[in-house]
1. Looking at K106 and the list (1) of a type in the set (K, R); (2) in a loop (DSSP other than H, G, I, E, B); (3) open to solvent by less than 90 Å² (accessible area, probe 1.4 Å), which single condition is not satisfied?
2. Consider E80 against the criteria (1) acidic (D, E); (2) open to solvent by less than 100 Å² (accessible area, probe 1.4 Å); (3) not in a strand (DSSP E or B): it satisfies all of them except one. Which criterion is unmet?
3. When you check G73 against the structure, is it open to solvent by 80 Å² or more (accessible area, probe 1.4 Å) and small (G, A, S), yes or no?
4. Here are some residues: A66, A88, A100. Which one is more than 26 Å from G36 (Cα to Cα), part of a loop (DSSP other than H, G, I, E, B), aliphatic (A, V, I, L, M) and in contact with a Gly (Cβ under 8 Å, 6 or more places away or on another chain)?
5. Name the one entry in G34, G52, G125 that is on the phi < 0 side of the Ramachandran plot, surrounded by 10 or more Cβ atoms within 10 Å (Cβ to Cβ) and either in a loop (DSSP other than H, G, I, E, B) or not small (G, A, S) (or both).
6. On the basis of being farther than 23 Å from S67 by Cα, out of contact with any Asp or Glu (no Cβ under 6 Å at 6 or more places or on another chain) and among the small types (G, A, S), does G83 make the cut?
Amino acid sequence: TSETTINDNLTVTGTTAHTGVVTMNSGVNLQFGGAGDYIDGTGSAMTIASGGDISLTATSDVNIPASVGLTFGADTEKIEGTGSNVLALVAGGALNLTGAANSTWKTTAGSINIDSEASTVEIDGHS
């Protein structure tokens, strides 16, 4: 095994090919273009940062493991699946479902239950 250490900037104008693992120290960013676009890892958390939008352009599904939630700002606002065909929408405050067109709640087995433990259930419909 041989090793090369570079103690200054390295500019590569072609393609680099790696047949092993590329390792970066904790807290060192893998930067793309400007300083606002990078990937960083600490060993216990990973950050994908963008100065704008982050687009996932998969040609198939984007898979999140069972019981790992997709959180929005806080752990009290998330979508999480159990891996057993159960999906939970969690809100520490109000949960609003808004549709700009006709919307359908449908089950192919069992029933749809609306349970309001703290107050009454109100359905406001206009025909």
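The values are calculated or read from the model by the stated rules, or taken from the named source; none is laboratory data. Predicted model only: the values in this text are computed from it and were never measured. A quick note on method: Cβ atoms are made from the backbone with ideal geometry, for glycine too, and the neighbour counts reach across all protein chains shown. The accessibility values were calculated without ligands, DNA or RNA, using every heavy atom of the protein model including side chains. Shrake-Rupley method; radii C 1.70, N 1.55, O 1.52, S 1.80 Å.
1. (3)
2. Unmet for E80, out of (1) acidic (D, E); (2) open to solvent by less than 100 Å² (accessible area, probe 1.4 Å); (3) not in a strand (DSSP E or B): (3).
3. It is true that G73 is open to solvent by 80 Å² or more (accessible area, probe 1.4 Å) and small (G, A, S).
4. A66
5. Every option except G34 fails the conditions.
6. For G83, the condition - farther than 23 Å from S67 by Cα, out of contact with any Asp or Glu (no Cβ under 6 Å at 6 or more places or on another chain) and among the small types (G, A, S) - is not met.
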